[in-house]
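Laboratory data are not the source of any read-out in this text; all were calculated from the coordinates shown. Keep in mind that this is a model prediction, so the values were computed, not measured. When we count neighbours, we look across all protein chains shown, and the Cβ atoms used for this are built from the backbone with ideal geometry, even at glycine.
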Amino acid sequence: MYYLATISDEVRIPPSRFNEKLEDVAFDSLKSTYEGLVIKGLGIIVAILQVKVSPEGKIIPGDGATYHKVRFDALIYSPVEGEVIEGEVTEILDFGAFIRIGPVEGLVHISQIADDYISYDKKKSELLCKQSRRKLSKGDAVRARVVTVSMSGMRLNEVKVGLTMRQPFLGKIEWINEDLKKEKPAKVKKK
């Protein structure tokens, strides 16, 4: 789920950038500090937006920079258990598929891809369903449900998202469309 959050902090303005617009320098500093950061209970900071900097700053002895209070909006991504997402398959391995969801990748374990026996074709890097003959490959668009989320650290590679595609209307988008075409509309009886 994406959402906006307002964050307060303090930003350092180095003397070499005193001649530049305060908001621009603060934006650059916040962008390099926060974007891609994982904050437990908040999520992954994707982008910094609308920076408001106090024009009054303080100077710390021994450091020629000024320090200013700042408030800014941040675009946050936080995967939520039970959420249905759409993403792209980025990698196929013998144990499952990695799906790009926002700024992170989630894993669909091979046992959670379909209600079918699934095998791995190493040469083609595909997962094959035995009965339905369906294939899952890199670049495929899929719909999945988030089943587990672990944000153990402050880096993107420490975010683990477990996904499933074994429920109705989940899976490769082509599979869903095929299943919908097979469904017959309910007949309505007239009185």
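Per-structure values
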item: Integer Hz, Karplus 6.51/-1.76/1.60 couplings in order for the range 72-78, x for Gly and Pro; result: 8, 8, 10, 7, 10, 10, 9
item: ³J(HN,Hα) computed for each position of the range 57-63 - Karplus, 6.51 cos²θ - 1.76 cosθ + 1.60, integer Hz, glycine/proline x; result: x, 10, 10, 9, x, x, 10
item: For LEU37, residues with placed amide H under 5 Å, excluding near neighbours; result: ILE45
item: Max mean-square fluctuation residue, GNM over the chain, Cα-Cα springs under 10 Å, options GLN112, GLN167, GLN131; result: GLN131
item: Using θ = phi - 60° and Karplus 6.51 cos²θ - 1.76 cosθ + 1.60, couplings along the range 38-48 (whole Hz; Gly, Pro as x); result: 9, 10, 4, x, 10, x, 9, 7, 8, 8, 9
item: Magnitude of the charge dipole, the range 1-138, Cβ model with Lys/Arg +1 and Asp/Glu -1, debye to 20; result: 300 debye
item: In the range 1-100, the chymotrypsin sites (Phe, Trp or Tyr not before Pro) that fall in loop regions by DSSP, at most 16 other Cβ within 10 Å; result: PHE18, PHE95
item: Long-range HN-HN contacts of ASP140 with modeled amide H, under 5 Å; result: VAL89
item: For the range 67-191, with +1 on Lys and Arg beta carbons and -1 on Asp and Glu, the positive-most of ILE99, ALA144, ILE176 along the dipole; result: ILE176
item: Contour minus Cα-Cα distance for ASP9 and ASP121 (0.36 nm per residue); result: 35.3 nm
item: Those residues of the range 112-147 whose amide nitrogen sits under 15 Å from the label point placed on GLU86, 7 Å along Cα→Cβ; result: 140-145
item: Cα lying deepest toward the dipole's positive end in the chain, options PHE72, ILE113, VAL25, charges on Cβ; result: ILE113
item: Stokes-Einstein D for the range 2-77, Kirkwood Rh over Cα pairs, 25 °C, 0.890 mPa s (µm²/s); result: 190 µm²/s
item: Farthest toward positive dipole pole in the range 1-155 [+1 Lys/Arg, -1 Asp/Glu at C-beta], among GLY153, LEU128, ILE7; result: LEU128
item: LEU180 versus ILE39: modelled label distance in nm, points set 7 Å from Cα along the beta carbon direction; result: 3.8 nm
item: Whole-angstrom gap from the range 80-152 to the range 1-74, using each part's C-alpha centre; result: 37 Å
item: The range 76-101 residues near the modelled ILE173 label - backbone nitrogen below 15 Å, point 7 Å along Cα→Cβ; result: 85-90, 100-101
item: Candidates THR90, THR148, THR33, ranked by Gaussian network fluctuation over the chain, Cα under 10 Å, top entry; result: THR33
